[in-house]
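Contents: one structure, followed by commentary.
The values are calculated or read from the model by the stated rules, or taken from the named source; none is laboratory data. All values reported here derive from a predicted model rather than from experimental measurement. Using ideal geometry, Cβ is built from the backbone for each residue, glycine included, and neighbour counts are taken over all protein chains shown.
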Amino acid sequence: MTTLENAFSPSANNVVIVGGGLAGLFCALKLAPRPVTVISAAPLGEGASSAWAQGGIAAAVAEGDSAESHAADTVAVGGGIVDEEIALGLAREAGARIHDLLAYGVPFDRDLEGRLAVGREAAHSARRIVHVQGDMAGKAIIAALVEGVRKTPSIRVIEGYAAEALLTENSEVAGLQVRKTGDAASKPVTIASSAIVLATGGIGHLYAVTTNPVEASGLGLAIAARAGAIIADPEFVQFHPTAIMVGKDPAPLATEALRGEGATLVNSKGERFMVALNPLAELAPRDIVARGVFAEIAAGRGAFLDATQALGARFAQKFPTVYASCLAAGIDPAQQPIPIAPAAHYHMGGIAVDKRGRTSIKGLWAGGEVSSTGAHGANRLASNSLLEAVVYAARIAEDIDGQTFNTPRVSHTKPVLSENSAMPASAEADLRAMMSSHVGVIRDADHLADAIQTFAALEQTATNTSLRNMATTALIVAASAWARRESRGAHFRSDYPAEDPAQKKRTMTTLDDARQVAAGMIAPSIKKRSMGA
């Protein structure tokens with residue numbers, strides 16, 4: 001980090017990737033030997049949700065399965081707004097991307113005959129999830145890619161700096177403003193670039209209960225939105241129904257594959273409550289299961305994942321990560337049900353991109369969870385997220401490699417916000433609490449209006465850049481949730497509990513749109529809480 005300020009001389013070849021998770025690392029490797037700089041707020045892989053993924057990658061690689069069947073399952077779960085062409089393209093490219101990962105050294109599980117072993121997860125019609133040691137796919141994939149990136153001479157890695165603003169000139173990318181993480185008083189650094197890839201992850205950390213790392217706070221979406229980028233489907237936030245509730249933040253995840261292996265959902269009386277809610281019971285789509293779990297907890301009956309009969313003594317071998325998380329909290333999942341609750345897990349919305357990963361801003365691409373491709377619609381099919389990340393990372397690399405870029409004009413890469421105050425006491429906790437209570441599993445107009453006005457004020461007045469960016473993304477999510485007056489997929493409105501055929505379409509919005517929603521509101525009926533700015 002010693003010469004960061006001088007490390008970026010203006011160059012037409014300066015491709016910058018922001019994010020050290022699956023999409024960013026895979027894109028960097030695919031661009032080799034073209035010079036690339038990867039900027040990561042945390043050490044590579046450590047701040048990435050991908051590294052925590054337990055389910056694996058969905059790919060129709062088994063005999064009897066097909067890309068068409070995979071795409072059909074994706075469409076069926078997506079609440080009627082999946083882009084069917086995108087979903088089919090994703091499924092058709094899955095096999096090639098799995099082989100790429102194998103070439104990078106990912107040790108996917110194999111059967112006794114040496115073929116890729118596949119498992120089944122909720123709402124899939126076939127066994128098509130490729131795993132690593134049961135529940136360690138994300139960790140193994142990221143480890144292999146980090147090793148590959150560090151060994152590739154054309155890839156420069158800068159760790160410990162977070163992007164806080166996207167710099168543009170005439171609606172084209174001109175560079176980034178970054179700042180040293182954990183040091184609010186540090187001076188911002190401007191980086192000139194005409195080609196930037198945002199791969200900064202999701203928004204889970206905007207919620208009080210999440211399975212995502214602290215870095216997943218909506219940063220990439222916020223800086224793109226503040227630069228004028230179109231945002232797609234921000235209201236669709238997937239809550240994982242089985243986060244392990246043992247007092248940790250982020251909450252450990254009990255993978256969906258456990259239910260695929262026969263684990264059941266029960267309340268404190270030992271009753272299987274999902275059987276009465278959906279024909280697929282525990283294997284119903286995540287939004288239905290999350291609301292079922294939420295209802296049991298709200299009714300005071302509690303919710304638990306019981307694998308004692310389905311796995312018993314085999315638990316530790318088949319799901320070592322979950323087993324270790326439970327043991328650390330004094331729970332033996334081979335003999336005891338696991339206490340669970342829904343947690344913010346995945347954002348179907350994000351920066352709107354086309355099939356090549358291009359955003360509405362020239363020179364800006366987005367891949368992974370920060371983007372919205374149309375593949376997930378209103379509700380993501382299990383294990384499609386890692387697949388989407390590698391497919392689009394490869395597409396972005398191919399698109400960038402086929403282009404030439406103008407040398408960026410350094411005179412326009414001046415800081416957006418030079419001074420940066422410390423994060424106000426409790427401000428982040430208050431924002432996260434409001435997102436969970438007002439923009440969570442179940443929503444309604446009054447609570448959303450309260451949240452919108454609070455976030456709109458904070459987005460305008462915050463002098464801490466991290467808080468301002470969090471408020472920006474929170475405002476966009478809340479405003480879009482308020483505008484969609486129906487229930488669809490992961491978005492559930494208690495005041496509009498049915499789907500509305502007239503709203504069977506994707507959302508395309510901007511930060512200005514969200515600000516206008518806030519400006520047009522009357523005082524909410526719910527007393528607005530105060531947040532420091």
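Some notes on this structure:
- Counting only strands (runs of 3 or more DSSP E) that fall entirely inside region 128-216 and contain at least 1 residues that are in contact with a strand residue (DSSP E or B) (Cβ under 6 Å, 6 or more places away or on another chain) and of a type in the set (Phe, Trp, Tyr), the qualifying elements are 161-169.
- Being in contact (Cβ under 8 Å) with a residue 24 or more places away in the chain, crowded, with 23+ Cβ neighbours inside 10 Å and of a type in the set (A, V, I, L, M) holds for only one residue in 53, 62, 32, 67, and it is 53.
- Filtered residues of region 443-454 (kept if free of Cβ contacts under 8 Å to residues at least 60 places away in the same chain, buried (at least 21 other Cβ atoms within 10 Å of the Cβ) and either more than 21 Å from the chain's Cα centre (by Cα) or farther than 23 Å from residue 81 by Cβ (or both)): 448, 451
- If you go through region 198-235 and keep only what is touching an Asp or Glu at 6+ places or on another chain (Cβ under 6 Å) and on the phi > 0 side of the Ramachandran plot, you end up with just 201.
Results for (1) among the β-branched types (Val, Ile, Thr); (2) modelled with pLDDT of 90 or more; (3) in a loop (DSSP other than H, G, I, E, B); (4) over 17 Å from the mean Cα position of the chain (by Cα), shown as yes or no for each residue.
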residue: 387; (1), (2), (3), (4): no, yes, no, no
residue: 390; (1), (2), (3), (4): yes, yes, no, no
residue: 407; (1), (2), (3), (4): yes, no, yes, yes
residue: 414; (1), (2), (3), (4): no, no, yes, yes
residue: 419; (1), (2), (3), (4): no, no, yes, yes
residue: 430; (1), (2), (3), (4): no, yes, no, yes
residue: 435; (1), (2), (3), (4): no, yes, no, no
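- Evaluation of residue 242 against the conditions (1) of a type in the set (Ser, Thr, Tyr); (2) in a loop (DSSP other than H, G, I, E, B); (3) closer than 19 Å to residue 122 by Cβ shows that the sole unmet condition is (2).
- Unique match (being buried (at least 22 other Cβ atoms within 10 Å of the Cβ) and over 22 Å from residue 346 (Cα atoms)) among 315, 319, 273: 315
- Some residue of region 368-384 being touching a helix residue (DSSP H, G or I) at 6+ places or on another chain (Cβ under 6 Å), modelled with pLDDT under 95 and more than 28 Å from residue 508 (Cβ to Cβ): no
Per-residue answers, yes or no, for (1) in contact with a Leu (Cβ under 8 Å, 6 or more places away or on another chain); (2) of a type in the set (Phe, Trp, Tyr); (3) assigned to a helix (DSSP H, G or I):
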residue: 39; (1), (2), (3): yes, no, no
residue: 47; (1), (2), (3): no, no, no
residue: 61; (1), (2), (3): yes, no, no
residue: 88; (1), (2), (3): no, no, yes
residue: 96; (1), (2), (3): no, no, yes
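- Looking across 74, 152, one residue alone is polar (S, T, N, Q) and surrounded by fewer than 23 Cβ atoms within 10 Å (Cβ to Cβ). It is 152.
- Those residues of region 265-283 which are closer than 24 Å to residue 77 by Cα and of a type in the set (S, T, N, Q), in sequence order: 278
- Residues satisfying the stated conditions in region 83-119, i.e. of a type in the set (Lys, Arg) and surrounded by fewer than 19 Cβ atoms within 10 Å (Cβ to Cβ): 92, 110, 115
- Selection from region 301-316 of residues that are among the small types (Gly, Ala, Ser) and in contact (Cβ under 8 Å) with a residue 40 or more places away in the chain: 307, 310
- Region 291-336: number of residues that are hydroxyl-bearing (Ser, Thr, Tyr) and touching a helix residue (DSSP H, G or I) at 6+ places or on another chain (Cβ under 6 Å): 1
- Region 183-209, subset modelled with pLDDT under 95 and closer than 21 Å to residue 448 by Cα, residue surrounded by the fewest Cβ atoms within 10 Å (Cβ to Cβ): 208
- Residue under evaluation residue 126, criteria (1) under 25 Å from residue 289 (Cβ atoms); (2) without any contact (Cβ under 8 Å) to a residue 60 or more places away in the chain; (3) over 24 Å from the mean Cα position of the chain (by Cα), criterion not met: (2)
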